[in-house]
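**Q** Following this message is one structure expressed as structure tokens.
Read-outs throughout are calculated quantities, based only on the coordinates presented, and are distinct from any laboratory measurement. These numbers come from a predicted model, not from an experiment. When we count neighbours, we look across all protein chains shown, and the Cβ atoms used for this are built from the backbone with ideal geometry, even at glycine.
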Amino acid sequence: MRLFVSVDLPDDLADPVADLQAEFADASGLDFTDPEQAHVTLKFLGDVNADRLPALERALEAAVDDAGVDPFPVRYGGLGVFPSLEYISVVWLGVERGGDELTRLHEAIEDRTTAMGFDAEDHDFTPHVTLARMEHAGGKELVQDLVREREPTIGEDRVDEIRLTESTLTDDGPVYSTVESFPL
């Protein structure tokens with residue numbers, strides 16, 4: 001099972017995410033994510049044997065307790081790229097409100113999962129929603145201009161759970177399904 005831990009955007013933000021992606025439509029080289037599956041990844045776990053699920057679920061329950069985060073509001077907005085505007089591999093929508101809580105959840109999950117032997121993250125955590133991956137730099141200048149000029153806010157939500165999500169890779173892109181939810 002290919003797994004990650006996420007906070008999923010609500011269904012009513014799928015259209016605003018799609019509208020924002022449409023602003024990048026003329027930028028060649030972008031491979032857009034499915035706005036219906038928009039989420040903030042708190043931890044990518046990779047391939048996990050099913051027999052590890054019970055221990056992983058216990059660790060995620062404990063991580064939620066460790067983080068000490070109650071349900072909280074989040075506002076999605078702003079644009080950014082990884083790793084830099086000069087070399088773009090990912091275009092993302094940021095988090096204007098709720099980032100501290102998402103970071104605390106990430107850190108607690110990171111502590112619990114690395115203790116189980118999962119790989120530690122090799123970069124700082126930046127709460128974000130991936131909008132597109134850049135396959136080639138043909139549309140780099142348009143992406144750079146939009147990221148520099150636009151400060152969109154696409155909506156708000158209340159985060160009251162995290163999810164252990166399975167990603168099944170298909171010819172049409174990944175399909176996500178919730179394995180388990182963990183209330184805050």
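**Q** Give all pairs with beta carbons closer than 8 Å in which a residue from the stretch 95-111 that is small (Gly, Ala, Ser) meets a residue that is in a helix (DSSP H, G or I); count only pairs at least 6 apart in sequence or on separate chains.
**A** If the second residue must be in a helix (DSSP H, G or I), the pairs left are Ala108/Ala63; Ala108/Val64; Ala108/Asp66; Ala108/Ala67.
**Q** Does Glu110 meet the test of being within 23 Å of Thr168 (Cβ to Cβ) and among the charged types (D, E, K, R)?
**A** Working: within 23 Å of Thr168 (Cβ to Cβ): no; among the charged types (D, E, K, R): yes.
Considered against the rule, which asks whether it is within 23 Å of Thr168 (Cβ to Cβ) and among the charged types (D, E, K, R), Glu110 comes out as no.
**Q** So how many residues does the stretch 1-45 have that are of a type in the set (Gly, Ala, Ser) and more than 19 Å from Val143 (Cβ to Cβ)?
**A** 2
**Q** Can you give me the number of residues within the stretch 113-146 that are on the phi < 0 side of the Ramachandran plot and either among the acidic types (Asp, Glu) or loosely packed, with under 12 Cβ neighbours inside 10 Å (or both)?
**A** Within the stretch 113-146, the first condition is being on the phi < 0 side of the Ramachandran plot, and the residues that meet it are 113-116, 118-146.
Now drop any that are not either among the acidic types (Asp, Glu) or loosely packed, with under 12 Cβ neighbours inside 10 Å (or both), which leaves 115, 119-124, 135-136, 141, 145.
Residues meeting the conditions: 11.
**Q** Further question: Which condition does Ser84 not pass, out of (1) more than 24 Å from Arg2 (Cβ to Cβ); (2) in contact with a Lys or Arg (Cβ under 7 Å, 6 or more places away or on another chain), if it passes all the others?
**A** Status for Ser84: all satisfied but (2).
**Q** Could you identify the single residue in Ile154, Ile162 that is touching a residue at least 40 places away in the same chain (Cβ under 8 Å), touching a Pro at 6+ places or on another chain (Cβ under 7 Å) and not in a helix (DSSP H, G or I)?
**A** When all the criteria are applied, what remains is Ile154.
**Q** Then there is this: Enumerate the pairs (first residue in the stretch 24-39 and surrounded by fewer than 16 Cβ atoms within 10 Å (Cβ to Cβ); second residue anywhere and acidic (Asp, Glu) and outside any strand (DSSP E or B)) with beta-carbon separation below 7 Å, excluding pairs fewer than 6 apart on the same chain, so at least 6 apart or on different chains.
**A** Once the first residue is surrounded by fewer than 16 Cβ atoms within 10 Å (Cβ to Cβ) and sits in the stretch 24-39, its partners that are acidic (Asp, Glu) and outside any strand (DSSP E or B) give Asp31/Glu135.
**Q** How many residues are free of Cβ contacts under 8 Å to residues at least 60 places away in the same chain and within 16 Å of the chain's Cα centre (by Cα) when one looks only at the stretch 1-23?
**A** Qualifying residue count, the stretch 1-23: 3.
**Q** Filter the stretch 42-51 for residues that are surrounded by fewer than 18 Cβ atoms within 10 Å (Cβ to Cβ) and not in a loop (DSSP other than H, G, I, E, B); which is farthest from the chain's Cα centre (by Cα)?
**A** Within the stretch 42-51, the match that is farthest from the chain's Cα centre (by Cα) is Asp51.
**Q** How many residues are hydrophobic (A, V, I, L, M, F, W, C), closer than 22 Å to Asp12 by Cβ and assigned to a strand (DSSP E or B) when one looks only at the stretch 22-40?
**A** Here the count works out to 2.
**Q** Scan the stretch 113-151 residue by residue and report those that are aliphatic (A, V, I, L, M) and in contact (Cβ under 8 Å) with a residue 40 or more places away in the chain.
**A** Ala115, Met116, Val129, Leu131, Ala132, Met134, Ala137, Leu142, Val143, Leu146, Val147
**Q** Starting from residues that are without any contact (Cβ under 8 Å) to a residue 12 or more places away in the chain and within 21 Å of Ser28 (Cα to Cα), keep the ones in the stretch 165-175 and report whichever is surrounded by the fewest Cβ atoms within 10 Å (Cβ to Cβ).
**A** Across the stretch 165-175, the extreme among qualifying residues is Asp171.
**Q** What are the residues in the stretch 52-76 that are assigned to a helix (DSSP H, G or I) and within 19 Å of the chain's Cα centre (by Cα), if any?
**A** Leu60, Ala63, Val64, Ala67
**Q** Another question, if that's okay. Tell me, yes or no, whether the stretch 82-93 has at least one residue that is in a strand (DSSP E or B), among the aromatic types (Phe, Trp, Tyr) and in contact with a His (Cβ under 9 Å, 6 or more places away or on another chain).
**A** Checked against the condition, which is being in a strand (DSSP E or B), among the aromatic types (Phe, Trp, Tyr) and in contact with a His (Cβ under 9 Å, 6 or more places away or on another chain), the stretch 82-93 yields at least one hit.
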